[in-house]
1. Any idea which residue in region 23-46 is nearest to the chain's Cα centre (by Cα), counting only those that are in a loop (DSSP other than H, G, I, E, B) and surrounded by 14 or more Cβ atoms within 10 Å (Cβ to Cβ)?
2. Scanning for something assigned to a helix (DSSP H, G or I) and either in contact with a helix residue (DSSP H, G or I) (Cβ under 8 Å, 6 or more places away or on another chain) or closer than 28 Å to residue 3 by Cα (or both), does region 62-85 turn up at least one residue?
């Protein structure tokens, strides 16, 4: 795993996987961009993909909320709905 810093999007984590055939970019749960690419893809090519996809990445960021990621009734995927059930807070882990 490697990473690089983009002036607009910050740190972009790069995961290289065997068997992949294209570059995918998403926003992780921590709010950072993550690029997944074929194993032998040069880092300069991934940077070019980021540069060519800036408008799409801005739209992706606009539709992604990291401040409050989960809400009761939130749609997950196409057909699933999230149900948030309040419980008692665990003060210490049990073994």
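1. Filtering region 23-46 down to residues in a loop (DSSP other than H, G, I, E, B) leaves 23, 28-32, 39-42.
Checking which are surrounded by 14 or more Cβ atoms within 10 Å (Cβ to Cβ) leaves us with 23, 32, 41.
Numbers: 23: 13, 32: 6, 41: 19 Å.
Once the filter is applied, the top-ranked residue is 32.
2. yes
Taken together, the values in this text are just the output of simple stated rules run on the coordinates, not laboratory data. A quick note: this is a predicted structure, and the numbers were derived from the prediction, not measured. Virtual Cβ from ideal backbone geometry, glycine too; neighbours counted across all protein chains shown.
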